[in-house]
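A.B. asks: Pasting a structure here, questions to come.
What follows is calculated from the coordinates using simple rules that are stated; it is not laboratory data. Bear in mind that the values here come from a model prediction, so they are computed numbers and not experimental data. With ideal geometry, Cβ positions are generated from the backbone for all residues, glycine too; neighbour counts draw on all protein chains shown.
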Amino acid sequence: MLQVLIRASVLERGSIWPKVQCGCAAASRPSKRGFRYWSALLISVLAGFSLASCGEWPPVVDTAQDIADLPAQQDSIRTRGLPDSEIHLLARLSDLETLDFHGGWAVQDAQVTDEGLRQLALLELPRLDLLNLGRCQGITDQGLVQVGKLRTIRWLGLSACSGITDAGLPSLLSARNLTGLDLRGCPGITDAGIQQLAAKTNWLEIWFGGCPNVTPDGVARLQAALPAARVEKDDAEWAYEQH
């Protein structure tokens with residue numbers, strides 16, 4: 001019988017897209033997050049996969065022409081190379097649910113900056129629920145002010161964003177539906193800063209692996225303040241994903 005195993009794995013360097021495996025029990029063991037969180041959070045993404053063919057990657061969108069070529073019903077895209085000046089064109093994709101600026105980081109620098117996030121916040125994308133800005137070095141705390149205006153997103157990836165600091169975290173508290181946050185590998189995040197996240201009580205997952213200035217004590221304090229959430233710092237997992 002066909003079994004589909006979903007796991008958060010790095011198929012494309014830096015990508016958060018789930019791995020869809022077709023096969024039987026011989027398939028590799030899912031990661032600890034595979035069934036617990038990703039399967040629930042990314043159910044809308046999986047709806048766009050063709051399971052009969054073991055799934056297809058969302059299209060790469062780097063130019064205005066790429067956007068124009070997409071069907072208006074496109075619900076997930078990878079936009080590592082899309083410049084700020086063309087983000088407003090995403091408005092035609094009213095069904096967009098997943099926007100990934102992270103995937104492909106090993107071969108291409110992200111073009112998006114704080115200005116691109118300002119443009120994104122102006123769009124009417126009522127179904128957008130996953131935004132991944134991992135390794136986008138043009139993003140700063142000012143960009144997080146714009147992210148906080150995105151009321152529909154449930155998951156935000158900010159891994160290895162060197163321009164993000166403690167000062168930007170309060171801006172995320174206004175994103176009322178945001179329940180998952182990936183801050184792994186962010187050197188500007190500290191024990192003191194992460195305690196600000198406790199002011200928002202609907203978190204489900206917050207990750208700090210690879211953050212050199214976040215300690216187990218700081219994580220424990222935030223976990224105590226957010227008993228319904230899973231707050232973790234898995235440095236070994238983060239190190240593994242860099243290879």
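A.B. asks: Quick one: Debye curve from the C-alpha atoms of segment 58-241, no solvent, what's log10 I(q)/I(0) at q = 0.13, 0.16, 0.18 Å⁻¹?
C.D. replies: Log-scaled intensity ratios, in q order: -0.62, -0.93, -1.15.
A.B. asks: Spelling out what I want: for every residue of segment 195-206, take phi, set θ = phi - 60°, compute 6.51 cos²θ - 1.76 cosθ + 1.60 (Karplus), and round to whole Hz; glycine and proline get x.
C.D. replies: 5, 5, 5, 5, 5, 10, 9, 9, 4, 10, 9, 9
A.B. asks: Treat segment 176-243 as a sphere of radius equal to its Kirkwood radius over Cα pairs and apply Stokes-Einstein at 10 °C in a medium of 1.306 mPa s; give the translational diffusion coefficient in µm²/s, rounded to a whole number.
C.D. replies: 133 µm²/s
A.B. asks: What does the convex hull of the Cα atoms of segment 112-200 come to per residue, in Å³, rounded to a whole number?
C.D. replies: That works out to 74 Å³ per residue.
A.B. asks: Another question, if that's okay. Calculate the spin-label point distance for E56 paired with A220, positioning each point 7 Å from the Cα along the beta-carbon direction, and give it in nanometres.
C.D. replies: In this crude label model, A220 to E56 measures out at 5.0 nm.
A.B. asks: Loop only by DSSP, 15 or fewer other Cβ within 10 Å of the Cβ. Give me the GluC sites (Glu not before Pro) in segment 78-181 that pass, ordered by residue number.
C.D. replies: Those satisfying the criteria are E124.
A.B. asks: Against the 2.2 N^0.38 Å scaling, with N counting residues, where does segment 68-176 land? I'd like the Cα-based Rg ratio to two decimal places.
C.D. replies: 0.98
A.B. asks: Within segment 184-201, whose backbone N sits under 17 Å from a point 7 Å along Cα→Cβ of Q137?
C.D. replies: 185-188
A.B. asks: Using a Förster distance of 30 angstrom, determine the FRET efficiency expected from the C-beta separation of A228 and A167, and round it to 0.05.
C.D. replies: The computed FRET efficiency comes out at 0.70.
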